[in-house]
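Each remark here refers to the structure printed beneath this line.
The values are calculated or read from the model by the stated rules, or taken from the named source; none is laboratory data. Please read all numbers here as calculations on a predicted model, not as lab measurements. A quick note on method: Cβ atoms are made from the backbone with ideal geometry, for glycine too, and the neighbour counts reach across all protein chains shown. Note: accessible area is taken over every heavy atom of the protein model, side chains too, but ligands, DNA and RNA are not part of it. Shrake-Rupley method; radii C 1.70, N 1.55, O 1.52, S 1.80 Å.
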Amino acid sequence: MRAPFSRSMASFSLLIVAVLLSLVQLSMGSRRLMELYIPPVSDQLTYHHGSVLSGDIPVSILWYGNFSPTQRSIIADFIGSLTGAPNAATPSVGQWWGTIEQLYLSNAATNGQTATRVLLDEQVSDEQCSLGKSLTLAQIDQLAARVGSKKGGVALIFTDEDVIVEGFCSSRCGKHGSDAGAGTTHIWVGNSAKQCPGQCAWPFAQPVYGPQGAPLVAPNGHVGVDGMVMVLASMVAGTVTNPYGDGFYQGPQDAPLEACSACPGVYGSGAYPGNAGKLLVDTTTGASYNANGVNGRRYLLPALYNPATSSCDTLV
């Protein structure tokens, strides 16, 4: 009387085994497909065989608006730390720059120039804001031309916390551009202290969107200017590795992801949305940082995308 029931159970067991075997095969097949998958070149940050900046890179500065001597020195010391502070404590701004050289500049055509030096050149001020306090991007280009950077150099335009720039806060915190014919580049960065610190000075200010967390303490005591250094670092990395739009980038040429912008919000290992990652903390001030510079300065610098590993490299 129990034979039919036994045969049914046996058939059911065989069915279960068959299903499990099918699932295993599907899983193994999916894994093999994932292992064989190579993203198309358009989805990778690669070298497009164009120009990068190398050799001596003279940097000129235009301070547009009011910047205190302390604010100026914070930014100038960062520039001086890129290649001019070999004895700085580690991790250092120089190590961060060295990663750019290792991952990018050494793998590009540099016309035989290997050593790279960033040299702080002329600094000029426009405290009266001669073009007004509401600027278009075209006017930023005018200011860059006024600075007159040397061939192979970079003109930096810094706007103070009261100056409004087209797209500032809504779509950008800074921007880099170039004149390929003249062989010059420029970078603009604004002070977001009054207008949008949560967007352009995070994690030193409460974020406007996304996961909310307590702001970190800025290493130099100026939320807006410490935020400017973070943006400037990203713009510098993009400028030297993709100065004229044909160097290292990912995606469309007119809206590329570059060395730092490919790693948004990553400053230390273990970063995730709303958390900048594992950082160093000054035991006296409680300030967070990941890089040391000249004159005892400390900064928070963005991660650099590693094209070889498709990962974000951090200093800490």
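List of remarks:
- At q = 0.10, 0.20, 0.21 Å⁻¹ the log10 of I(q)/I(0) for segment 64-190 amounts to -0.38, -1.28, -1.34, computed by Debye summation with a single uniform scatterer per C-alpha, solvent ignored.
- Here segment 49-313 is described by how far its Cα atoms reach on the three principal axes: 46, 46, 37 Å, from widest to narrowest.
- Altogether, the Stokes-Einstein calculation at 25 °C and 0.890 mPa s, with the Kirkwood radius of segment 44-89 over Cα pairs as Rh, returns a diffusion coefficient of 178 µm²/s.
- Relative contact order (%) - segment 163-263, alpha-carbon pairs under 8 angstrom, separation at least six: 23 percent
- Segment 44-171, relative contact order [Cα under 8 Å, separation at least 6], %: 46 percent
- In segment 49-313, Cα pairs under 8 Å separated by at least six residues give a relative contact order of 22 percent.
- Cα-based Kirkwood hydrodynamic radius, segment 181-249, one decimal, Å: 13.4 Å
- Taking all protein chains into account, the per residue accessible area for segment 49-313 stands at 42 Å² (1.4 Å probe).
- The slack between Gln212 and Leu131, meaning 0.36 nm per residue of separation minus the straight C-alpha distance, is 25.4 nm.
- The distance between label points at Ser171 and Gln123 comes to 3.3 nm (points 7 Å beyond Cα on the Cα→Cβ vector).
- With K and R counted +1 and D and E -1, the other residues having a Cβ less than 12 Å from that of Gly221 yield a net charge of 0.
- Percent of Cα pairs in segment 116-158 per distance bin of 5 Å, from zero to the largest separation: 5, 18, 32, 21, 12, 8, 2, 0.
- Note on segment 219-316: the C-alpha convex hull projects to 7.2 nm² when averaged across all orientations.
- Highest mean packing first, where packing is the average number of other Cβ atoms within 10 Å per residue, the peptides 120-132, 73-85, 158-170, 219-231 line up as 219-231, 73-85, 158-170, 120-132.
- Within the accessible area of segment 184-264, the carbon and sulfur atoms contribute 57%, probe 1.4 Å, all protein chains present.
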